[in-house]
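Engineer: There's a structure below that I have some questions on.
The values are calculated or read from the model by the stated rules, or taken from the named source; none is laboratory data. Everything numeric in this text was worked out from a predicted model, so none of it was measured. With ideal geometry, Cβ positions are generated from the backbone for all residues, glycine too; neighbour counts draw on all protein chains shown. All accessible areas refer to the heavy atoms of the entire protein, side chains included, with ligands and DNA or RNA removed. Shrake-Rupley method; radii C 1.70, N 1.55, O 1.52, S 1.80 Å.
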Amino acid sequence: MQFSCLLHGGDYNPDQWLDRPDILAADIDLMKKAHINCVSVGIFAWSRLEPEEGRYDFDWLEAIITNLYQNGISTILATPSGAKPAWMSRKYPEIRRVSRDMTRDLHGKRHNHCYTSPVYREKVRQINTALAERFAHHPGVILWHLSNEYGGKCYCPLCQQAFCGWLREKYGTLDALNKAWWTDFWSHRYSSWDEIEAPVPAGEESVHGLNLDWNRFCTHQTNDFIRWEAESVKAVRPDLPVTANFMYFFDELDYYTLKDSVDVISWDAYPTWGENEESEAEVARRFAFNHDLMRSLKKQPFLLMESSPSATNWQPVSKLKRPGVHMLSSMQAIAHGSNSVQYFQWRKSRGAFEKFHGAVVDHYGGSDTRVFRDVAQVGERLEALGGLIPTCNRSQVAIVYDWENLWAVNDAKGPRNCGLKYRETVLSHYAPFWKMGINVDVIDETCDLDGYRLVILPMLYLLRDGFAEKLRRFTDQGGTVVATYWTGIVDSTDLCWLGGMPGDGLMELFGLRSEEIDALYDGQYNSIKPQQSGLFPAKDYRVSELCDLVIPSTAQTLAVYGSDFYAGRPALTVNQFGQGEAYYIAARAEDAFQEDFYGALAQKLHLDRALSCTLPEGVTAVRRSGDSFDAVTVMNFTPTPQEIRFPETAEVWETGAPVNGALSLAPYEVVVLKLAASSR
Ligand code: GLA
Ligand code: ZN
């Protein structure tokens, strides 16, 4: 799914300004000035679109879309289900969500409808159909924006009933369910299907299999709702694509399950630049990971659907973007595979919850503002970078980040209830690649491993059916796998593997057995001492929090623990398996260990870097590959000038100016280089 140019625009809410034709007219002039070519319309417009039940008022919307189109601006048209009108909440209480304390919401806010309610589904189907009939063939409309930021759980009787039905289908018999959930524990055996309730604080929360299935069900039910919406608009025009805007590290919904329900992946990114706790480079890495995840879902370019042109109003502190940061942040998305830079929001609302949220056009209303100029510059640059459209990032490295694993890890009691840190661990294994300028895909256990050279499994606690077999095949055929402590502990219903861990045949792959795992209190440390292997510098690394005590069978020990009763026991091992190798990192190590270890592996496996050089701290480079040219985006996430040197012949993408092996970057500068296409 490709658009003809890189999109630049954002959420546009003319429904808030219908009594101000002067402002609506000014919007068009300002959009042209800001190099805007695409806006998202109607996301929260239901009460304007259907002011009373069954009476649709679409004339204003038609005038807006047509006017935008005549001025060269496309529309991403929303279905309005993200916020329901008051008349509907009043007339049909069942559409209002029941929260975890088992009370039903009153009317208000947004994103709080029941995904199961047949009434809500019908109301949504009706308005989506009517919108599609009126606008799906409008030449200005290029994409459907389904609802907004799907998420949240509902505990109403309809949802409980649907959960029960889903469980019946999954398990067939109560006996199978009782077994899978290990319900004999604390005498929690169910004797009838209707005894099963969704996990809530006042009720059942101690059956891990139930919690895991409830999470799966909520993704399933949301997905079902998304498909319902998609089908309602596609019934009118099947070839008009749909998207749904996803979110940053959104734990609730397994986006890998949702990916096939939309034609284009899009997401909303709000980096917290300029905070105390993290450097800009660290913030950049977290967002780079999420960009990579979004691209990896379909292995295609995605859309940055929302970002703030300046500050947000919901983060603890609304810090302005420093000069250069808006360009850098926008270009970071493009570098990782986005074909758009869209904002929340075009024009600041005058009242209510988001009146102080950053916008392209301030309450002031003019174009002579710092933010407006920053935005216009991004627009100009995207026009000059249009040739990026047919390129996409390719990766030889994959990191497994799996939602079912996430749910199970976070639900486990022990070994460190003060923080198992799954997300942080995944990021600490991603960081070295970001620093080296090596592209990484973020995959889950359902993905194919073909084509990768290196697959990394940080804390892959839960093994889904068939994944271990996939790993064995991948390694046998020459792939390299790296796993950490706390991998292969439970099966897909959250039952521990019997007969030794890591389970499901992974003991054979890694050539070891995990005997027990030691958890350390905060502030306590051990160390990893590399043996002579040629892989590492002979220096000690600090480890903390989790130390797995493994017994090698066929694995070779590359490093040992430095202290405590397990001093001298293996802390890093490698096992030859068929044509490939399987590494096991037994302890949570400081970042320097990951850097040196993956640095050595990158050399050994001849992993492609965006540029063949070492990048300074806080600088990274990302490569998008095309048929004849590759684009390498070099980004300086530091407040100081930086120099890089590399052997490749390149030119600046926009100007064609030659770059002869050396590049100077101003603070926060981003440069896009054009290089001959890499051979792979
Ligand atoms: C989300 C929503 C938007 C807006 C922004 C504010 O991403 O989708 O409607 O509320 O947050 O940052
Ligand atoms: Zn419900």
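Engineer: State the answer as a single residue: which of G451, V560, H107 lies farthest towards the positive end of the charge dipole of the chain, with beta carbon charges of +1 for Lys and Arg and -1 for Asp and Glu, about the Cα centre.
Structural biologist: Working it through, the farthest residue towards the positive pole turns out to be H107.
Engineer: Can you find, among S664, F629, G599, the residue farthest towards the positive end of the dipole of segment 588-680? Put +1 on the C-beta of Lys and Arg, -1 on that of Asp and Glu.
Structural biologist: About the Cα centre, the residue reaching furthest to the positive side is F629.
Engineer: How far, in nm, would the chain grow between C418 and T554 when pulled straight, counting 0.36 nm per residue and subtracting the alpha carbon separation?
Structural biologist: Value of the extension gain: 45.5 nm.
Engineer: Using helices alone, what [θ] at 222 nm do you get for the chain, with -39,500 (n - 2.57) per DSSP H run of 4 or more residues, divided over all residues and rounded to the nearest 500?
Structural biologist: Result for the chain, helices only: -9500 deg cm²/dmol.
Engineer: List the chymotrypsin sites (Phe, Trp or Tyr not before Pro) within segment 277-360 that DSSP assigns to loop and that have no more than 14 neighbouring Cβ atoms inside 10 Å.
Structural biologist: Answer by residue number: W314, F353, F356.
Engineer: Given R₀ = 25 Å, what would the calculated FRET efficiency be for D175 paired with F250, taking r from the Cβ atoms and rounding to 0.05?
Structural biologist: Efficiency computed from Cβ-Cβ geometry: 0.10.
Engineer: Taking R0 as 45 Å, what's the FRET efficiency between D194 and T655 from their Cβ-Cβ distance, rounded to 0.05?
Structural biologist: The calculated FRET efficiency here is 0.05.
Engineer: Is segment 528-575 rounded, prolate or oblate when judged by the Cα gyration tensor, a ≥ b ≥ c being the square roots of its eigenvalues, rounded requiring a/c under 1.5 and prolate requiring a/b larger than b/c?
Structural biologist: oblate
Engineer: Here is a further query. Give me the extension gain from R104 to D540: residue separation times 0.36 nm, minus the current Cα-Cα distance, reported in nm with one decimal.
Structural biologist: Result for the pair: 151.3 nm of gain on full extension.
Engineer: Placing unit charges on C-beta atoms (Lys and Arg positive, Asp and Glu negative, everything else neutral), compute the dipole magnitude of the chain about its Cα centre in debye, rounded to 20.
Structural biologist: Its charge dipole is roughly 880 debye.
Engineer: In the neighborhood of Q70, defined by Cβ-to-Cβ distances under 15 Å, what is the net charge if each Lys or Arg adds +1 and each Asp or Glu adds -1?
Structural biologist: Here the count lands on -2.
Engineer: Based on the mean of other Cβ atoms within 10 Å per residue, sort peptides 23-31, 487-495 so the most packed one is first.
Structural biologist: Highest-to-lowest ranking by the protection proxy: 487-495, 23-31.
Engineer: Say each of D450 and S628 gets a label point 7 Å from the Cα, pointing the same way as Cα to Cβ; how far apart are those two points in nm?
Structural biologist: With each label point 7 Å from Cα toward Cβ, the separation is 3.0 nm.
Engineer: Provide the packing ranking of 215-223, 413-421, 275-283, 141-149, i.e. peptides ordered by the mean count of other C-beta atoms within 10 Å per residue, highest first.
Structural biologist: Per-residue Cβ counts within 10 Å, averaged per peptide and sorted highest first, yield 141-149, 215-223, 275-283, 413-421.
Engineer: Follow-up question, since we're still on this one. Which links in K84/K109; K170/K299; K33/K348; K319/K348 stretch past 21 Å when you go from one Cα to the other?
Structural biologist: Flagged as over cut-off: K170/K299.
Engineer: Please compute the net charge surrounding Q126, taking Lys and Arg as +1 and Asp and Glu as -1 over other residues with Cβ under 15 Å from its Cβ.
Structural biologist: Around Q126, the surrounding residues sum to -1.
Engineer: Multiply the residue gap between T640 and W60 by 0.36 nm, knock off their C-alpha separation, and tell me the result in nm, one decimal place.
Structural biologist: 203.8 nm
Engineer: How many nm separate the modelled label positions at S678 and Q576, each set 7 Å beyond the Cα in the direction of the Cβ?
Structural biologist: Simple spin-label model gives 2.9 nm for this pair.
Engineer: In terms of the Cα gyration tensor, with a ≥ b ≥ c the square roots of its eigenvalues, is the chain rounded because a/c is under 1.5, prolate because a/b exceeds b/c, or oblate?
Structural biologist: In terms of gyration-tensor shape, oblate.
Engineer: How about segment 1-107: which GluC sites (Glu not before Pro) there lie in a loop by DSSP and see at most 14 other Cβ atoms within 10 Å?
Structural biologist: E53
Engineer: Once neighbouring chains are kept in place and the probe is 1.4 Å, which whole percent of the accessible area of the chain is contributed by carbon and sulfur?
Structural biologist: For the chain, the apolar C and S fraction of the accessible surface comes to 50 percent.
Engineer: Per residue, how much accessible surface does segment 159-274 expose to a 1.4 Å probe? Answer in Å², no decimals.
Structural biologist: Result: 41 Å² of accessible area for each residue.
Engineer: Between segment 219-248 and segment 586-628, how far is it from one alpha carbon centroid to the other, in angstrom?
Structural biologist: 37
Engineer: Here's a follow-up. Say a paramagnetic label sat at a point 7 Å from the Cα of R370, along Cα to Cβ; which residues of segment 259-296 have their backbone N under 16 Å from it?
Structural biologist: 273-275
Engineer: Between A25 and E205, how high is the FRET efficiency from 1/(1 + (r/R0)^6) when r is the Cβ-Cβ distance and R₀ = 60 Å? Nearest 0.05.
Structural biologist: 0.60
Engineer: Sticking with this one: Residues of segment 461-565: accessible area per residue at 1.4 Å, in Å²?
Structural biologist: That works out to 43 Å² per residue.
Engineer: Report the Rg/Rh value for segment 411-533, based on alpha-carbon coordinates and the Kirkwood definition of Rh.
Structural biologist: Using only Cα positions, Rg/Rh for segment 411-533 is 0.96.
Engineer: Send over a whole-number figure in Å² for the accessible area per residue of segment 278-431, probe 1.4 Å.
Structural biologist: It amounts to 33 Å² per residue over segment 278-431.
Engineer: Mind jotting down the distance between the C-alpha centroids of segment 351-384 and segment 389-462, whole Å?
Structural biologist: Between the Cα centres of segment 389-462 and segment 351-384 lies a distance of 35 Å.
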